[in-house]
Amino acid sequence: MRAITVSVFALATALSANAGETVTYEIDGAAYEGYLAEATRESKGLVLVIHDWDGLTDYEITRAEMLADEGYDAFAVDLYGQGNRPDTVEDKKAEVGKLYNDRETMRARILAGLAKAREVSNETNAVVMGYCFGGGAVLELARSGAAENVVGYTTFHGSLKTPEGQTYTADTAPILISHGGADKGIPISDAADLANLLEKTGVTYELEVYSGAPHAWTVFGSPRYRKLADEKSWSSFLTFTDRYLSAAD
């Protein structure tokens, strides 16, 4: 496992002066606003970051900057629309509900964001990752088979259930599942069910469960934040990303 000499939280704090830029783009005539953080050295490839249920916020921007510092072009995609950043639980539920109930639209917005990311970064091969709702969106994209040149998928404390009528195919790119052992909203049985399905369908996957980690354990400064689980999962993610983007070159 990659050695970590500085905490992820400390690194995120150090990156508070963002070096990236917002990128406005259109989907079906509506404006969306993503965030591009270009690699601080020669790029090793593209990472698409899908946000949590509160939309693209400083959290995803920080993660994108961290990825840029690791040598990746990172693009934080917007699935809600420019200026749509819900701040109450009710509004957040409403926004994710719209996309969970219209998965075709969810996939279309992810693919549009991925296309824009490739346009502004000049990178083709990509790893797609996401947190909570974003993690579920990552798996939605993986099941669709619609994304070309995606070499890996990663979900952090994301929803893991496979909707009725959907499945994975053997040619799905490798999947890294990072899950909290103490997640009461997404039980560990969901992770086991997903692993069984991926095993059955022949998809390459890795499942890592972090003891004592509740839901949303990667969110800096939150009471749910678990430093050890965050640092270990981030290290595993970087190893995963290095492996599959390097192999695609």
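The values are calculated or read from the model by the stated rules, or taken from the named source; none is laboratory data. All of these numbers come straight from a predicted model, not from anything done at the bench. Using ideal geometry, Cβ is built from the backbone for each residue, glycine included, and neighbour counts are taken over all protein chains shown. Just the protein is used for accessible areas: all its heavy atoms, side chains included, with ligands, DNA and RNA removed. Shrake-Rupley method; radii C 1.70, N 1.55, O 1.52, S 1.80 Å.
Some points to look at:
- Normalised by 2.2 N^0.38 Å, where N is the number of residues, the alpha-carbon radius of gyration of region 170-216 equals 1.19.
- Sequence-distant lysines (8 or more away, or on other chains) whose Cα lies within less than 19 Å of LYS44: LYS116
- FRET efficiency for ALA19 and ALA146, using Cβ-Cβ distance with R0 set to 41 Å, rounded to 0.05: 0.80
- Helix-only [θ]222 nm of the chain, DSSP H runs n ≥ 4, -39500 (n - 2.57) each, per residue, nearest 500: -12500 deg cm²/dmol
- Charged neighbours of ALA146, selected by a Cβ distance under 11 Å, balance to -1 (K, R count +1; D, E count -1).
- Of the solvent-accessible surface of the chain, computed with a 1.4 Å probe and all protein chains present, 48% belongs to carbon and sulfur.
- Against the empirical 2.2 N^0.38 Å (N residues), the chain has a Cα radius of gyration ratio of 0.92.
- Solvent-accessible area per residue, Å², over the chain with all protein chains present [probe radius 1.4 Å]: 44
- Taking a ≥ b ≥ c as the square roots of the eigenvalues of the alpha-carbon gyration tensor, region 66-174 is classed oblate because a/c is 1.5 or more while a/b is no larger than b/c.
- Sorted from longest to shortest, the spans of the Cα atoms of region 38-113 along the three principal axes equal 41, 25, 16 Å.
- The label-point distance for GLU199 and THR239, in a model that sets each label 7 Å from Cα toward Cβ, rounds to 2.1 nm.
- Spatial separation of Cα centroids for region 215-249 and region 74-138, in angstrom: 19
- Accessible area (Å², 1.4 Å probe, nearest 10) - VAL127: 0
- Local net charge near ASP249, Cβ-Cβ under 13 Å (Lys/Arg +1, Asp/Glu -1): -1
- Overall Cα dimensions of region 127-249, principal axis frame, Å, largest first: 38, 35, 20
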